[in-house]
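Down below is the structure, laid out as structure tokens.
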Amino acid sequence: MKAFPILLAALAPLSPALAENDACELGRPLISAEAALPRAAAAVAERHSLNVIVLGSGSSTLPAPTGERAAYPARLEAALGKFLPGVDAKVVTKIKARQTAAEMMEQELQRIEEQKPALVIWQTGTVDAIKGVDPEEFRDTLDQGVAMLQGDGVDVVLMNMQYSPRTDAMISITAYTDNMRWVALQHDVPLFDRLALMKHWSELGTFDLYDASKNTDTAERVHDCIGKLLAGLIAGAVKQPAPAAETR
């Protein structure tokens, strides 16, 4: 008879927090820190601080009133505090809807130097694909932008587009995702594959992404997981042994 209560406990639903963490963990195998972040690592080790700028478009935000607090940049900052205890992690956003990579580079990258971040997360790709920007021009823009940031002593994480089953067949994105991966490899920077991650969740039924555009709760849960997984990638990268680099 003692086994019966144990069985009931095993069959009981997970608490919301535990279930949410498990949902996030389903995507962890797709996120790896194969490239180090030496400048961010130096900032963490020497100054116990990490200043991060998220450069992105509309998919890095959520609607008001809770959008800023619930979007992945804010969730990233919260998660970094847990992954890197004792480190003062600050995340600032430079987000403008409907900007191509070239527009971001022209209007924002030049100003980032003044803020002296250790790390820039560059989220891009969707707008370029929608506007039909030449994929090679897109690649060249990323190539130049990453080189410029690294030359200024700033680490970079590239983040590709989000996945939507509603638009998957309508927008041709393969050339853009391939070029983002190429640039990441050429410059030895991490690529946070948001597209593969969200598609994985959709196929497993972890999140109903058909519903995410209408259901704020679903969108917030997706952003929370992205923030946590991105924080894990960054924490793993800054803990990797790496050659000395110029700090910010």
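Brief remarks on what is shown
- Checked against the criterion of being part of a helix (DSSP H, G or I) and among the aromatic types (Phe, Trp, Tyr), the stretch 144-164 has no qualifying residue.
- One residue stands out in the stretch 119-134 among those that are surrounded by fewer than 24 Cβ atoms within 10 Å (Cβ to Cβ) and small (Gly, Ala, Ser): the one that is farthest from Val238 (Cα to Cα), namely Gly132.
- Taking the stretch 78-96 as the range and being more than 16 Å from Gly56 (Cα to Cα) and either outside any strand (DSSP E or B) or β-branched (Val, Ile, Thr) (or both) as the test, the residues that pass are Ala78, Ala79, Leu80, Gly81, Lys82, Phe83, Leu84, Pro85, Gly86, Val87.
- In the stretch 101-118, residue surrounded by the fewest Cβ atoms within 10 Å (Cβ to Cβ) [restricted to those that are more than 12 Å from Ile53 (Cα to Cα) and in contact (Cβ under 8 Å) with a residue 12 or more places away in the chain]: Ala102
- Looking only at residues in the stretch 165-185 that are in a loop (DSSP other than H, G, I, E, B) and hydroxyl-bearing (Ser, Thr, Tyr), the one that is surrounded by the fewest Cβ atoms within 10 Å (Cβ to Cβ) is Ser172.
- Residues that are modelled with pLDDT under 95, closer than 23 Å to Pro63 by Cα and among the polar types (S, T, N, Q) within the stretch 100-148 comprise just one, Thr126.
- Out of Val120, Val133, sole residue that is hydrophobic (A, V, I, L, M, F, W, C) and touching a strand residue (DSSP E or B) at 6+ places or on another chain (Cβ under 8 Å): Val120
The values are calculated or read from the model by the stated rules, or taken from the named source; none is laboratory data. Please read all numbers here as calculations on a predicted model, not as lab measurements. For neighbour counting, all protein chains shown are included, and Cβ atoms are generated from backbone atoms with ideal geometry for every residue, glycine included.
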